1. Work out the mean other chain Cβ neighbour count within 10 Å for the residues of B:3-9 and drop it here as an integer.
2. When you count, for each residue, the other Cβ atoms within 10 Å and take the mean per peptide, how do B:61-71, A:34-44 rank with the highest first?
3. What does the charge count near B:F11 come to, summing +1 for each Lys or Arg and -1 for each Asp or Glu among other residues with Cβ under 15 Å from its Cβ?
4. When Cβ neighbours within 10 Å are restricted to other protein chains, what is their mean count per residue of peptide A:27-36?
Number of protein chains: 2
Amino acid sequence: MARAATTTDAFNAVAEPRRREILDALAGGELAVGDLVELLGLAQPQVSKHLRVLREVGLVDVRDDGRHRLYRVNGAPLRAVHDWVSQYERLWNERFDLMDDVLDELGTRPPTDAGTGQGD
Amino acid sequence: MARAATTTDAFNAVAEPRRREILDALAGGELAVGDLVELLGLAQPQVSKHLRVLREVGLVDVRDDGRHRLYRVNGAPLRAVHDWVSQYERLWNERFDLMDDVLDELGTRPPTDAGTGQGD
DNA sequence: CAAACATATACCCATATGGGAATGCGTCAA
DNA sequence: TTGACGCATTCCCATATGGGTATATGTTTG
């Protein structure tokens, strides 16, 4: 069993720092493999392999251009990641925690709106 | 070198589906290991191991309660993930493109960016 | 056609992984 | 104290990984 394949989903794909670097590099626009090799300072085969993973989860698209292959980002698969992570936003946003504390202390969680006059 | 350790950061920690399930389960509030074992249908040692990973990246906190250990989520480390992914939001959110179009037509684009719009 | 260039693959290897089973250890009950 | 309970840790193993090196495939140029 070991670990799930990195080619499974976007979560796994972007868990690898190099692949995030690749996506960041491609965020500026299409790039050929050779460009990425230079930018990342990685060996060409490694870059190609990472690109393959990214392609398999749909995070990048390719386009043939002579003897070059131009890669570009496709952020769609990141949406799942974003959606999942967003559910926890309140857990790192101090403002929410403070509000919770206050409401807890008051022991009177209002059914709809607190009288403290804060309605975001 | 193989893959980076999963205990390295939140990206790696949440790449594992089981760990996301654990966090989701804990999102409702503190839970003991045994509760998670039941909820996830995993063996106890496996749950403990996943919890350890989550603890090492700071995604959960523990509290001793007699012979139980209550775990709770700490979303802070997810902020880095959220921030990184958010950079790509415009790439999957059509609304941004539409908004770009509208602003273009109105000719009232705020002075922040005068990009010719990177279409597809 | 041959040679040079740009990428993708194949192969090898050290390592991290996650599950399974057994066990260690602290806590509570009798 | 003994025993049951709850959880963490250890050991074993099959597997996926990512880097390194060599090579295959496809394209442009001479």
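Any read-out appearing in this document is the output of simple, stated calculations on the displayed coordinates, not a laboratory observation. Computed from a prediction, not measured in an experiment: that's the story for all the values here. Because the Cβ atoms are built from the backbone with ideal geometry, glycine has one as well, and the counts that use them run over all protein chains shown.
1. Values: counts 5, 4, 0, 2, 0, 2, 2.
Per residue, the number of nearby Cβ atoms from other chains is 2 on average.
2. Values: B:61-71: 12.9, A:34-44: 14.5.
Peptide ranking by packing, descending: A:34-44, B:61-71.
3. Values: positive: A:R3, A:R18, A:R19, A:R20, B:R3, B:R19, B:R20, B:R79; negative: A:D9, A:E16, A:E21, A:D24, B:D9, B:E16, B:E56, B:D83.
Charge balance in the 15 Å sphere: 0.
4. On the way: counts 4, 1, 1, 1, 0, 0, 0, 0, 0, 0.
The mean count of partner-chain Cβ atoms within 10 Å per residue comes to 1.
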